[in-house]
Structure formats: C-alpha cells, structure tokens
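The values are calculated or read from the model by the stated rules, or taken from the named source; none is laboratory data. This is a predicted model, so every value here is computed, not measured. Positions of Cβ are backbone-derived with ideal geometry, glycine not excepted, and every protein chain shown enters the neighbour counts. Heavy atoms of the whole protein, side chains included, go into the accessibility calculation; ligands, DNA and RNA do not. Shrake-Rupley method; radii C 1.70, N 1.55, O 1.52, S 1.80 Å.
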Amino acid sequence: LTLHLATAFGAYMLAAAAGFWVNKDRWSAILAEFKINQALTFVTAALTFALGVALLLAHNIWTDTLASIVSAIGWIAALKGLLLMINPTPSLSLADRMLEDRYIKPYLALVTLIGAGLLIVGLTGRTT
C-alpha cells in the first residue's frame, strides 16, 4: 500500500507542479474564485478532510521513512481540510502569499523534487 500511495502522490505532485509552471494565471484565478464561493470552499475542505482521514485509517504507519512520508501527507490533508472548514481566511491568505514569485518558485521546485522522488520510489519498489 505504501508504494502505491507514494506513486499516486508523486504523480499528483508532478502534475500539479507542471500545471502551475505552464499556467500560473489559472491558479490565481482559481484562488480568487475559491475565496468568493463559500460553498466551493466548504465542499473542497470537506472532501480534503475526508480523504485525509480515510488515508489515515488505511495507512497511519510510521515504521520507515517512506511510510512516514505517506502518513504525513494524510495528516496534512486532514488538517488542511479541517482548518478550511473551520476558518478558511488564514489558509486563503497564506495561499495568496504563496503565489508570489519569491515563494512559489522555491515551493514548486521542492514539490517537483518530492513528487519525482515519491514516484520513482513507488514505481521501483525500493523503500530503503
């Protein structure tokens, strides 16, 4: 399960980063729409929370590095969804700041590296 989840998360991270690199303006527009549409914000938050909790129920394993990374992603998703449901304003303000070039470029580089690493490890089946 750990290897399959690592592959899925790695592929998602690479796709999301590539989508941003190709069309940054799209992400700014998505965030603007997200901030004014409370129903969209809540439904997205609820789904993120539910998926994070489901992942934790299936994979809350801290026995090795890869398993810990996969489990941490579940915790991050659950907490992100919960915070967006309770009070979305701070998270959305942070997202605004993250879209600035001085923050987004290093963040996307990190996401790309982590995504590639997870995808490679997940596909090759090597956890050490």
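Scanning the range 59-75 for residues being in contact (Cβ under 8 Å) with a residue 12 or more places away in the chain, assigned to a helix (DSSP H, G or I) and loosely packed, with under 13 Cβ neighbours inside 10 Å gives a total of 1. State all residues of the range 20-49 that are farther than 21 Å from Ser91 by Cα and either touching a Phe, Trp or Tyr at 6+ places or on another chain (Cβ under 6 Å) or not β-branched (Val, Ile, Thr) (or both); if no residue qualifies, say none. Matches in the range 20-49: Trp21, Asn23.
Could you run through the range 22-32 and say how many residues are among the aliphatic types (A, V, I, L, M) and open to solvent by less than 70 Å² (accessible area, probe 1.4 Å)?
Number of matching residues: 3.
Candidates Thr2, Thr44, Thr7, Thr48: the one that is more than 28 Å from Lys105 (Cα to Cα), in contact (Cβ under 8 Å) with a residue 24 or more places away in the chain, surrounded by 12 or more Cβ atoms within 10 Å (Cβ to Cβ) and not basic (Lys, Arg) is Thr2. From the list Lys105, Lys35, Lys80, the one residue that fits, being more than 15 Å from the chain's Cα centre (by Cα) and either outside any helix (DSSP H, G or I) or surrounded by 15 or more Cβ atoms within 10 Å (Cβ to Cβ) (or both), is Lys35.
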